[in-house]
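Data first, discussion second: the structure below is written as structure tokens.
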Amino acid sequence: MAPRYPKTDTEREQLADDLTAVGYKPTQGRQHFDRVKIDMMIEAMLDGTFDWIAAGLQPMILGPNDEILGGHHRVIAAQFAGLDLTAVPGPRSQVQRLPTGSMSCRNDGTEFPMGFESFQVRWNPSLPIANEVDSHLRSLPDITVDHDAIRTGDARYFLWNDGRHVVEIESSDSPARFSTRFMLCNPETITDVYAELLLSLQRRFGGRLEICDHDPSLRSNEYGPDDSDGFREALRESIASRRSEWIAAFGPRVLTANSRDVFREIILPNCVPVSAATTSTH
């Protein structure tokens, strides 16, 4: 049986120690991690089905002091699968470094959110109705299958693109759950259309919306169907905060794009590859 993401605090502390020992400094608390996704990645890495070519287009990102800025799920999965990401063969390095600056911590010392390049909201429907939601998504005029996604397990991937904004959607079973995100370089008008997309799903299928990248000062990060106004307000404030952090690091360029395009156009030109020979601890 494949190893699994740890469930106890003691085991998670050991994982953090193990990652530090091989040269990676985690910057996230356990509340940010998607355990099911990590477990699917571990299985895929062990059985040889993990798509390393696609992963190389959206690699793990390290800060100048080995802090993990992007790719936490992947580095944890690789740790349990017994793989050194810097030694994975392929046309592109699976690990890249931003040589200057750091996005691992805010000015007030709080953790930087999961996925430094994107804003994420999870939707947990009230019933296990993934297939029904998938059918509804496929019927929408601006939805297509996302062929650029790094695929794991039984998840399905969609792109919502109205020509001005792009939202990525991941649909999974057991349990039914939907992870949505957009790249922070999308136009500011994405805030309202993103909210309406999520609220329309909630109105139709119920469940709760969880703002993964919520502003720590807000009262809550989960919103039910009876608190759409609260969700809109929290979403607006949280996106504004995250966008300002992104602009401070990468500039004000506006780009209607998915994650692969943002890595290619904005992130990777600022990075240098990390290999087993160039990292200090591998």
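The values are calculated or read from the model by the stated rules, or taken from the named source; none is laboratory data. Since the structure is predicted, the reported quantities are computational estimates derived from the model, not experimental observations. Backbone-built Cβ (ideal geometry, glycine too); neighbour counts: all protein chains shown.
Per-structure values
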{"item": "Options Arg74, Arg92; residue that is touching a Pro at 6+ places or on another chain (Cβ under 9 Å), under 21 Å from Met41 (Cα atoms) and modelled with pLDDT of 90 or more", "result": "Arg74"}
{"item": "Enumeration of residues in region 199-215 that are aliphatic (A, V, I, L, M), modelled with pLDDT under 95 and in a helix (DSSP H, G or I)", "result": "Leu201"}
{"item": "Candidate set: region 158-195, residues that are hydroxyl-bearing (Ser, Thr, Tyr) and surrounded by fewer than 19 Cβ atoms within 10 Å (Cβ to Cβ); chosen: the one farthest from Ala78 (Cα to Cα)", "result": "Thr189"}
{"item": "Condition met for Ala248 (under 21 Å from Leu98 (Cβ atoms), of a type in the set (A, V, I, L, M) and at pLDDT 95 or above)", "result": "no"}
{"item": "Residue count, region 216-242 (criterion: assigned to a helix (DSSP H, G or I), touching a helix residue (DSSP H, G or I) at 6+ places or on another chain (Cβ under 9 Å) and crowded, with 18+ Cβ neighbours inside 10 Å)", "result": "3"}
{"item": "Subset of region 123-139 (residues that are surrounded by 14 or more Cβ atoms within 10 Å (Cβ to Cβ) and in a loop (DSSP other than H, G, I, E, B))", "result": "Pro125, Ile129"}
{"item": "Selection count where residues are at pLDDT 80 or above and either basic (Lys, Arg) or more than 15 Å from Ala195 (Cβ to Cβ) (or both), scope region 165-177", "result": "5"}
{"item": "Total residues in region 161-188, condition over 17 Å from Arg264 (Cα atoms) and assigned to a loop (DSSP other than H, G, I, E, B)", "result": "10"}
